[in-house]
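The values are calculated or read from the model by the stated rules, or taken from the named source; none is laboratory data. Just so we're clear, the structure is a prediction, and the values are computed from it rather than from any experiment. Quick reminder, even Gly has a Cβ in these numbers, built from the backbone with ideal geometry, and neighbours come from all protein chains shown.
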Amino acid sequence: MKRQRDALSIGIDVGGTSLRASVVDSNGQVIDSTQSPTPHSARALERGLDRAVKELAARHPVSAVGLAVAGFVNSDRTSVRFAPHLPWVNTPVAKQMSERIGLPVVLEHDANSAAWAEYRFGAAADGRNVVMVAIGTGIGAALLIDGRIYRGSYGVAPELGHIQVVPDGRACPCGKRGCWERYCSGTALVDTAVEFLASDQGSSTILARDVFLDPGSLTGRRIASAAQEGDEIARRTMEDFARWLGMGLALVSDVYDPDLIVIAGGVATSSSQFLDQAREHYGRLITGAGHRPLAQIRSTQLGEAAGMIGAADLARSEFLTSSR
């Protein structure tokens with residue numbers, strides 16, 4: 001049994017842009033990695049996954065593979081129902097890939113994988129009921145109740161990014177308007193900055209000059225950087241972001257009452273620019289403010305590797321269970 005417990009596994013973050021694969025040990029440490037562009041057809045994607053696994057398996061004795069997928073995974077984690085940036089629709093990916101590579105394969109939603117990694121090895125290790133909010137292009141989310149991933153009846157919970165916070169607000173790619181992620185994401189940072197710049201036509205700020213010289217230069221990272229440099233428009237944009245984050249977390253806490261919230265995703269790298277303000281808004285806006293314990297709000301410890309680490313650990317756990 002010691003050999004199985006020490007077995008290495010592979011976690012793959014199957015994103016719309018790239019396939020990032022890592023060999024992970026039982027302590028959640030990444031010991032080897034590879035990366036390649038994500039193919040656009042199902043057949044090419046499966047070949048790409050096969051190549052990544054075989055490349056790593058040639059260097060390490062791996063026992064199982066976990067796929068962290070940005071899409072809807074069914075409740076038994078065998079099939080991808082739908083993934084907006086991947087070619088799989090109602091596809092039994094776990095079975096197909098397991099047969100192809102000759103190893104057990106487990107699927108998981110990418111946010112669930114990241115939350116599991118933070119719970120096992122990172123910022124959520126001492127949490128009981130944990131919400132993770134992964135803020136990037138949009139918002140991904142995960143919920144752990146008493147240390148177990150909550151997936152809902154059909155494997156798609158919780159879609160927190162698409163809670164409507166502004167009736168008839170900004171249009172969202174999901175088809176609704178006013179979703180939380182349209183005001184609290186990397187994309188939202190850009191939209192908010194553009195609105196502020198448009199309402200202040202005479203602005204000579206750093207961002208205004210950047211946009212004048214290169215309209216495509218406006219990104220969430222650039223806005224956070226400009227705010228740190230003292231740019232007034234960027235500072236106002238980050239303040240607005242913090243307000244929406246705090247408001248959304250208060251709403252989420254009213255529903256789930258977590259003891260710990262982890263902020264992850266690409267935007268979390270700039271958490272020093274907004275997290276303290278978001279905590280203040282959260283503490284003020286939560287129902288029963290001043291008369292109830294507040295959740296701790298932390299930034300990710302594992303960063304962009306969390307999805308791979310979590311998928312690998314879940315695959316290892318599944319392998320150990322099925323091998324007993």
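See the values below:
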{"item": "The range 98-110, residues that are touching a strand residue (DSSP E or B) at 6+ places or on another chain (Cβ under 6 Å), surrounded by fewer than 20 Cβ atoms within 10 Å (Cβ to Cβ) and assigned to a helix (DSSP H, G or I)", "result": "S98"}
{"item": "Pairs where the first residue, in the range 42-55, is within 15 Å of V23 (Cβ to Cβ) and the second is of a type in the set (F, W, Y) and in a helix (DSSP H, G or I), C-beta under 9 Å, 6+ apart", "result": "none"}
{"item": "Conditions (1) within 20 Å of the chain's Cα centre (by Cα); (2) within 26 Å of V62 (Cβ to Cβ): number failed by P173", "result": "(2)"}
{"item": "Members of the range 254-280 found to be in contact (Cβ under 8 Å) with a residue 60 or more places away in the chain and either in a helix (DSSP H, G or I) or not assigned by TED's automatic domain parsing to the domain that holds V190 (or both), listed by number", "result": "Y256, G266, V267, A268"}
{"item": "Residues located in the range 264-287, provided they are surrounded by fewer than 18 Cβ atoms within 10 Å (Cβ to Cβ), of a type outside the set (A, V, I, L, M) and modelled with pLDDT of 95 or more", "result": "D276, Q277, E280, G283, R284, T287"}
{"item": "Within the range 30-91, strands (runs of 3 or more DSSP E) holding 2 or more residues that are of a type in the set (V, I, T) and surrounded by 14 or more Cβ atoms within 10 Å (Cβ to Cβ)", "result": "30-37, 62-69"}
{"item": "Any hit, the range 281-296, residues being closer than 26 Å to D146 by Cβ and part of a strand (DSSP E or B)", "result": "yes"}
{"item": "Residue within the range 268-290 that is under 24 Å from V73 (Cβ atoms) and of a type outside the set (S, T, Y) present", "result": "yes"}
{"item": "Residues (touching a helix residue (DSSP H, G or I) at 6+ places or on another chain (Cβ under 9 Å) and either over 26 Å from A264 (Cβ atoms) or buried (at least 22 other Cβ atoms within 10 Å of the Cβ) (or both)) located in the range 168-185", "result": "C179, W180, E181, R182, Y183, C184, S185"}
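A quick yes/no check of all residues on (1) at pLDDT 90 or above; (2) not in a loop (DSSP other than H, G, I, E, B):
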position: G140; (1), (2): yes, yes
position: L143; (1), (2): yes, yes
position: S153; (1), (2): no, no
position: V166; (1), (2): yes, no
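Matching residues to (1) part of a helix (DSSP H, G or I); (2) modelled with pLDDT under 90; (3) in contact with a strand residue (DSSP E or B) (Cβ under 9 Å, 6 or more places away or on another chain):
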site	(1), (2), (3)
L189	yes, no, no
T192	yes, no, no
G202	no, yes, no
V211	yes, yes, no
L251	yes, no, no
